Structures are given as C-alpha cells and as structure tokens.
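Novice: First the structure, then my questions, so here it is.
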Amino acid sequence: RGQRVNRINMAKAVLEKFIEKRPNDRIGLVAFSGKAYIACPLTLDHDFLNQNIERLQLHMIEDGTAIGSGLTAGLNRLSELKSKSKIVILMTDGQNNAGKIQPLTAAEAAQAMGVKVYTIGIGTRGTAPMPVGRNPFTGQVVYRDIPVDIDEETLTKIADKTGGRYFRATDDKTLTQVYREIDALERSEFVEQRYRQYHEYYQHALGLGLLLAALSFLLSGTLLRR
C-alpha cells in the first residue's frame, strides 16, 4: 500500500493467506536465525498456528542464518507424520553462516525422506534500507542501505535435489505470487470413500406376524373358530 514494511511482517502476512487456503493440511512452523526452534508443531488448528506466527519478532534468538538447522528441524517433525505428500517451504533473506548442519546435507536427508523443499529468497536485489537507530532530535527511524546477500545458488540446489523449486521474492506482490504457485503445485486428488450402513428391522414385523399366525391357529380350535 505504498508504505514501508519490513520483510518479516510481509512474510507473515503472505504466509497467513497461504494457510487460509490449505484448511485440510497439517502445517507447522520452524523459526531460525543463528539457531532453529519449533515455533508451532504440525497442527490442523490453524488459529493456533497463526497466533504463533504473529508472535514472531526479530532478535528473539541469537543472530545468524542457520539454514541447514532450520531445514533439519522441519524434517524431524515431518518424520513423525504418515502422509503421502510432505513439503517444506524454506524462506530466508541471507546466507548460511551458523549452525552445525550444512544446507546441502539437510537437503540430502530431505531427498531420502521423500520431502519436497520449496526455497524462497526474500529481499530486494542489490541493497535494502535497514533501520540503524533513531534521530536523537526528531525521533524518526534512521535507515541505511545494506547489501542483500542471498545464497541463491545453494537455495536452488536444495530445491533441485528434492524435486522442489526456487523462487526469488523481491516485494509483497512477488511473494504472494510465489505462494500461489506453490499452492497450485501442491494439490492432490482425493478419492472419497463413502459407506452405507444398513439396520435390519424386518425381524420385528416378521416376529409379530408369526405370533399372530400362531395365535390365529390356536384360537381356531376354540369358540372363536371361524
């Protein structure tokens, strides 16, 4: 809407729209910077999931970009899930510079598990304004242009190795389009099986009929005979 927005808030808004379109999917959330942690386990309770997305803020954990650790944390959760289709959407705005697991090592694990990884590099090309403080006289936020350094080569290799795709999102429109494409790609046909359960009640009528027939036979030999 023509206003300045940081990347995490933009990503959160787009992600929530994506979740809204996948009501029947179990979706979890892994947050990572210098370390990775489970921000929300796999769940069908998307209201709870969105609450955890809203809680995400910058600098909640130590700085850095541990792409391999983030991907591995997601894979560990997916390993518990029995499903034909398992995917990870991996968003990052930097290069892997933290964590003990290399991104391509994690990608090999994803490939072995049959998990498809879609990778998204989020951020403008070249430089992007980053807040560095406030003007002591006006109180306004001061921005400085910082190079946007995304390891697109590694993200592409991760996606290719697992059968996914790599996308570059430079603004909210392209990020929204990325999620639309992923939503369209990850559709599965579902064959619904319906069962009809029958309850037999004829025996009640049959029993009553037999009883009346027997009674009629017995009474025919009495004063009530025809």
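The values are calculated or read from the model by the stated rules, or taken from the named source; none is laboratory data. The structure displayed is predicted, hence computed values, not measured ones. Here Cβ is always computed from backbone atoms with ideal geometry, including for glycine, and neighbour counts include all displayed protein chains. Accessible surface is based on the protein model in full, side chains and every heavy atom, while ligands, DNA and RNA are left aside. Shrake-Rupley method; radii C 1.70, N 1.55, O 1.52, S 1.80 Å.
Conditions (1) at pLDDT below 90; (2) in a loop (DSSP other than H, G, I, E, B); (3) farther than 18 Å from residue 115 by Cα, marked per residue:
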| site | (1), (2), (3) |
| --- | --- |
| 1 | yes, yes, yes |
| 13 | yes, no, yes |
| 53 | no, no, yes |
| 57 | yes, yes, yes |
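Novice: Return yes when residue 133 is of a type in the set (Gly, Ala, Ser) and in contact with a Gly (Cβ under 9 Å, 6 or more places away or on another chain) and no when it is not.
Specialist: Numbers: of a type in the set (Gly, Ala, Ser): yes; in contact with a Gly (Cβ under 9 Å, 6 or more places away or on another chain): no.
Answer is no for this residue.
Novice: Kindly provide the set of residues from the range 108-131 that are farther than 21 Å from residue 11 by Cα and over 18 Å from the mean Cα position of the chain (by Cα), ordered by number.
Specialist: 108, 109, 111, 112
Novice: Restricting the range 141-164 to residues that are open to solvent by 70 Å² or more (accessible area, probe 1.4 Å) and out of contact with any Lys or Arg (no Cβ under 9 Å at 6 or more places or on another chain), which is farthest from residue 112 (Cα to Cα)?
Specialist: For the range 141-164, the residue satisfying everything is 144.
Novice: Additional query: If I ask for residues that are under 14 Å from residue 110 (Cβ atoms) and either hydroxyl-bearing (Ser, Thr, Tyr) or buried (at least 19 other Cβ atoms within 10 Å of the Cβ) (or both), which ones from the range 58-76 would you list?
Specialist: 67, 68, 69, 70, 71, 72, 73, 74, 75
Novice: Let me ask you something else. For the subset of the range 1-44 comprising residues that are of a type in the set (Lys, Arg) and open to solvent by 80 Å² or more (accessible area, probe 1.4 Å), which member is nearest to residue 98 (Cα to Cα)?
Specialist: Of everything passing the filter in the range 1-44, 35 is nearest to residue 98 (Cα to Cα).
Novice: Any chance you could count how many residues in the range 110-140 are open to solvent by less than 60 Å² (accessible area, probe 1.4 Å) and over 24 Å from residue 178 (Cβ atoms)?
Specialist: Residues meeting the conditions: 3.
Novice: Would you confirm whether any residue within the range 86-101 is over 25 Å from residue 174 (Cα atoms) and under 18 Å from the mean Cα position of the chain (by Cα)?
Specialist: no
Novice: Scanning the range 145-164 for residues that are more than 14 Å from residue 122 (Cα to Cα), hydrophobic (A, V, I, L, M, F, W, C) and part of a helix (DSSP H, G or I), which turns out nearest to the chain's Cα centre (by Cα)?
Specialist: 159
Novice: Please identify the pairs in which a residue from the range 51-71 that is at negative phi and without any contact (Cβ under 8 Å) to a residue 40 or more places away in the chain has its Cβ atom under 9 Å from the Cβ atom of a residue that is β-branched (Val, Ile, Thr) and surrounded by fewer than 14 Cβ atoms within 10 Å (Cβ to Cβ), counting only partners at least 6 apart or on another chain.
Specialist: Close Cβ pairs satisfying both conditions: 68/105.
Novice: So which pairs qualify, if the first residue must be in the range 103-121 and more than 20 Å from residue 35 (Cα to Cα), the second must be among the charged types (D, E, K, R) and not in a helix (DSSP H, G or I), the Cβ gap must be under 7 Å, and the two must be at least 6 apart or on different chains?
Specialist: 114/86; 115/86; 118/165
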